1. Would you mind telling me which residue in Arg33, Arg57, Arg108 has the biggest mean-square fluctuation in a Gaussian network model of the chain, where springs connect alpha carbons within a distance under 10 angstrom?
2. Which of the aspartates and glutamates could a cross-linker span from Lys120 if the Cα-Cα distance has to be under 20 Å and same-chain partners fewer than 8 positions apart are dropped?
3. For the chain, modelled as a Gaussian network with Cα springs under 10 Å, which listed residue fluctuates most, Leu80, Leu51, Leu38?
4. Give me the three principal axis extents of the chain from the C-alpha atoms, as integers in angstrom, largest value leading.
5. For the stretch 1-115, give the percent of accessible area contributed by carbon and sulfur heavy atoms, probe 1.4 Å, rounded to a whole number.
6. Which of Ile79, Ile55, Ile16 moves the most in a Gaussian network model of the chain with Cα springs under 10 Å?
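The values are calculated or read from the model by the stated rules, or taken from the named source; none is laboratory data. Bear in mind that the values here come from a model prediction, so they are computed numbers and not experimental data. Only protein heavy atoms, including side chains, enter the accessible area calculation; ligands, DNA and RNA are left aside. Shrake-Rupley method; radii C 1.70, N 1.55, O 1.52, S 1.80 Å.
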Amino acid sequence: MSNECLILQTGKNMTIKEAQDAVDKWVKTYGVRYFSELTNMACLTEEVGELARVIARRYGDQSFKKGEKSNLGEEMADILWVLVCLANQTGVDLTEELNKSFEKKTCRDAHRHLENPKLKA
Ligand SMILES: [Mg+2]
């Protein structure tokens with residue numbers, strides 16, 4: 001890996017805000033500009049399909065073809081990358097939205113899962 005490639009590498013303990021900023025910097029440095037929202041939506045769908053393919057082979061009934069690898073984390077990171085691109089180009093603060101999501105789920109499901117007999121071992 002050249003020194004140039006190290007410039008935009010970030011630390012392991014990145015906040016969501018830092019991830020949004022790092023992806024923005026990368027796109028403006030190496031990507032020229034964001035793909036359109038519609039293109040990125042298609043890319044997001046494609047990456048979700050790639051994750052589904054790995055999960056079907058790793059946990060489901062399908063098997064990896066010769067030479068295929070179980071790159072679960074890589075596919076999840078690909079999804080996160082495109083999702084962050086979409087958030088950046090549409091003005092979404094993912095930290096704020098994730099906090100809202102925790103609040104919504106906690107209020108709505110505070111007892112729901114605890115009382116679900118199917119979830120008890
Ligand atoms: Mg991928």
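1. Highest fluctuation among the options: Arg108.
2. Asp109
3. Looking only at Leu80, Leu51, Leu38, the largest GNM fluctuation is found for Leu38.
4. Taking the Cα atoms of the chain, the three principal extents are 53, 43, 30 Å.
5. Accessible surface attributable to carbon and sulfur in the stretch 1-115 totals 59 percent.
6. Maximum among the listed residues: Ile55.
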